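Asker: Can you keep this structure in mind? I'll have questions shortly.
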Amino acid sequence: MKVSICTLGCKVNHYESQILRRLFLEDGAEIVPFGMPCDVAVIHSCAVTEESSRKSRQMMRRARRISPDAVIAVTGCLAQTSPETLTEADIVLGNRDKTRLPLLVKEFLSRRERTVEVPPILSHKTFEEMTLDSDERVRATVKIQDGCCNFCAYCIIPYARGPIRSKELADAVCEVEGLVKKGYREIILTGIHLDSYGREHGRFSLCDLLERLDRIPGLERIRLGSTEPVMVTPETVARLKNLKHLCHHFNLSLQSGCTATLKRMRRRYTAEQYAEGVRLLRDAFEDLSLTTDIIVGFPGETEEEFSETLAFAESVGFSKINVFPFSPRRGTVAWDMPDPVDPAVKKERCRRLLDLSARLERSFRASYVGKTVEVLFESEKNGQYSGCASNFLNVTVRSNICLTGKILPILISDVGETSCRGDLQNPEKYGII
């Protein structure tokens, strides 16, 4: 049986798709690239905007055109929030019990009866245990949290993912210990709203988990997924600063650099509070890399408000800005908000913010020329090895010896379009000549 998987949306979706891939393989299936003829096509859908919902449905129809007789299974956020729109799917599975998908496929093949399983998510209290393993031995992702209770004006995710649910601290530590024993050098912690980890229990927090992981022998790097500015307090930063293995790269979600816009978005901080959080992080970590997400063209955003965002982003000095044009999502508060921004204006503002991001990225990379950084190498192409420093600086090195999976000191010599180029320091010390 040939299975193809198309994943749209966030890193959590991609993590869960890897789980599904492994489960299908364990059932004896062959995984083929999406777009090739197959027996089962899985669409791991996204519903964060109307555009992402449209694209998810488009991928479903594409799968049907390519493989008319295949089983079409749709899971994820669109399946959870709008199952009635997925009439062409043979299996519709929401955001609960995704690990049952291979079983549902078997049942469909035996009975040929359409299946729709979308139980209520807002009252769901149980964290679905998932453990990811793969053939690589460089970095591994561990999902420790699901759900969100913030209900920002533009976001459908609380309705798609439900309330916050967390992996038990002891279970998370045990999973990471197992991965380190298998040879993984870096662990990435991910979740829908990572800052909320453990909040529903009241017995542990994200900092508690990080401190436990930091003591695991052999674990060399702990990397956080996207976090919120409200997490950055003097107390939290003081605890983070004491961690030996925490990567000093934070994707600290901004969404707007204008306090008035943030208020309409129903974000829980001001631009001034965000700036204070940045100050705390920069004081604690001199090699800090700060990336962010910004929504452009939110309803009511004036040229003056956008200019505030532009100036704020430049003053912070992000190492990269992920830019998203506002796309209204049915079912959210922002869907009916007045004063929409003209699409042409929105496009032009996106261009200006992306130009700023490109300039800030170049400046960030250039600041490391002549400095030595520790790089974990992950991949190779034509004798050129690529990897990341702890602060997510991308580095490439040419070598005749395999560097994959090694953490090595690299002297940065030059800056490219998307990464830095460097040379290995003291190669004889590491048996690399």
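Asker: Going residue by residue through the stretch 352-362, is there one that turns out to be hydrophobic (A, V, I, L, M, F, W, C), farther than 27 Å from Leu408 by Cα and touching a residue at least 40 places away in the same chain (Cβ under 8 Å)?
Answerer: yes
Asker: Run down Ile43, Ile19, Ile5 and say which single residue is over 29 Å from Phe298 (Cβ atoms), outside any helix (DSSP H, G or I) and not charged (D, E, K, R).
Answerer: Going through Ile43, Ile19, Ile5 in turn, the sole match is Ile5.
Asker: Name, by its number, the condition in (1) surrounded by fewer than 17 Cβ atoms within 10 Å (Cβ to Cβ); (2) closer than 23 Å to Lys143 by Cβ that does not hold for Ser226.
Answerer: Failed condition: (1).
Asker: Take the residues of the stretch 239-258 that are touching a residue at least 40 places away in the same chain (Cβ under 8 Å) and either out of contact with any strand residue (DSSP E or B) (no Cβ under 8 Å at 6 or more places or on another chain) or farther than 15 Å from Val316 by Cβ (or both): which is surrounded by the fewest Cβ atoms within 10 Å (Cβ to Cβ)?
Answerer: Lys241
Asker: Out of the stretch 235-261, which residues are assigned to a helix (DSSP H, G or I) and farther than 18 Å from Thr291 by Cα?
Answerer: Hits for the stretch 235-261 are Glu235, Thr236, Ala238, Arg239, Lys241, Thr259, Ala260, Thr261.
Asker: Sort out which residues of the stretch 165-213 are surrounded by 15 or more Cβ atoms within 10 Å (Cβ to Cβ) and in a loop (DSSP other than H, G, I, E, B), and write them in order of number.
Answerer: Lys167, Glu168, Tyr184, Arg185, Ile192, His193, Tyr197, Gly198, Arg199, Glu200, Phe204, Ser205
Asker: Same structure, new question: Between a first residue in the stretch 274-293 that is at pLDDT below 95 and a second residue that is not aliphatic (A, V, I, L, M), which pairs have beta carbons less than 6 Å apart while being 6 or more apart in sequence or on different chains?
Answerer: Asp287/His248; Asp287/Asn391
Asker: Now for a separate question. Anything in the stretch 288-306 that is under 19 Å from Ile321 (Cα atoms) and outside any helix (DSSP H, G or I)? List them, or say none.
Answerer: Leu288, Ser289, Leu290, Thr291, Thr292, Asp293, Ile294, Ile295, Val296, Gly297, Phe298, Glu301, listed by residue number.
Asker: Residues to consider are Glu308, Glu303, Glu348; find the one that is surrounded by fewer than 17 Cβ atoms within 10 Å (Cβ to Cβ), at pLDDT 95 or above and in contact with a helix residue (DSSP H, G or I) (Cβ under 9 Å, 6 or more places away or on another chain).
Answerer: Glu303
Asker: Being of a type outside the set (Asp, Glu), in contact with a helix residue (DSSP H, G or I) (Cβ under 6 Å, 6 or more places away or on another chain) and closer than 30 Å to Phe326 by Cα: is that true of Gly147 here?
Answerer: Yes: the conditions hold for Gly147.
Asker: Can I ask one more? Which of (1) surrounded by fewer than 20 Cβ atoms within 10 Å (Cβ to Cβ); (2) in a helix (DSSP H, G or I); (3) within 24 Å of the chain's Cα centre (by Cα) does Ala334 not meet, given it meets every other one?
Answerer: Ala334 satisfies every listed condition except (1).
Asker: Follow-up question, since we're still on this one. Return the residues of the stretch 214-228 that are of a type in the set (A, V, I, L, M, F, W, C) and not in a strand (DSSP E or B); say none if nothing qualifies.
Answerer: Matches in the stretch 214-228: Ile216, Leu219.
Asker: Additional query: Counting only residues that are over 23 Å from the mean Cα position of the chain (by Cα) and either of a type in the set (S, T, N, Q) or within 19 Å of Asp90 (Cα to Cα) (or both), which one in the stretch 32-59 is modelled with the lowest pLDDT?
Answerer: It comes out as Gly35.
Asker: Any residue in the stretch 271-287 that is out of contact with any Pro (no Cβ under 7 Å at 6 or more places or on another chain) and polar (S, T, N, Q)?
Answerer: For the stretch 271-287, residues out of contact with any Pro (no Cβ under 7 Å at 6 or more places or on another chain) and polar (S, T, N, Q): absent.
Asker: Go through the stretch 53-144 and tell me which strands (runs of 3 or more DSSP E), entirely inside it, have 3 or more residues that are touching an Asp or Glu at 6+ places or on another chain (Cβ under 9 Å), among the β-branched types (Val, Ile, Thr) and surrounded by 14 or more Cβ atoms within 10 Å (Cβ to Cβ).
Answerer: Strands (runs of 3 or more DSSP E) meeting the threshold: 71-76.
Asker: Can you name the residue in the stretch 362-389 that is hydroxyl-bearing (Ser, Thr, Tyr) and touching a strand residue (DSSP E or B) at 6+ places or on another chain (Cβ under 6 Å) and is also nearest to Asp423 (Cα to Cα) among such residues?
Answerer: Thr372
Asker: Can you say whether Arg329 is over 12 Å from Thr261 (Cα atoms), touching a helix residue (DSSP H, G or I) at 6+ places or on another chain (Cβ under 9 Å) and modelled with pLDDT under 95, as far as the supplied structure shows?
Answerer: So Arg329 passes the test.
Asker: Turning to a different aspect of this structure: Checking the structure you have, find out if any residue of the stretch 398-411 is touching a residue at least 40 places away in the same chain (Cβ under 8 Å), farther than 24 Å from Arg221 by Cα and in contact with a strand residue (DSSP E or B) (Cβ under 7 Å, 6 or more places away or on another chain).
Answerer: There is no residue in the stretch 398-411 that is touching a residue at least 40 places away in the same chain (Cβ under 8 Å), farther than 24 Å from Arg221 by Cα and in contact with a strand residue (DSSP E or B) (Cβ under 7 Å, 6 or more places away or on another chain).
Asker: Here is a further query. Does Thr75 meet the test of being modelled with pLDDT of 95 or more and touching a His at 6+ places or on another chain (Cβ under 8 Å)?
Answerer: yes
Asker: Do you know which residues across the stretch 153-164 are within 19 Å of Met265 (Cα to Cα), surrounded by 21 or more Cβ atoms within 10 Å (Cβ to Cβ) and small (Gly, Ala, Ser)?
Answerer: Ala160
The values are calculated or read from the model by the stated rules, or taken from the named source; none is laboratory data. Values in this document were obtained by computation on a predicted structure and should not be read as measured data. Note: ideal-geometry Cβ built from the backbone for every residue, glycine included; neighbour counts use all protein chains shown.
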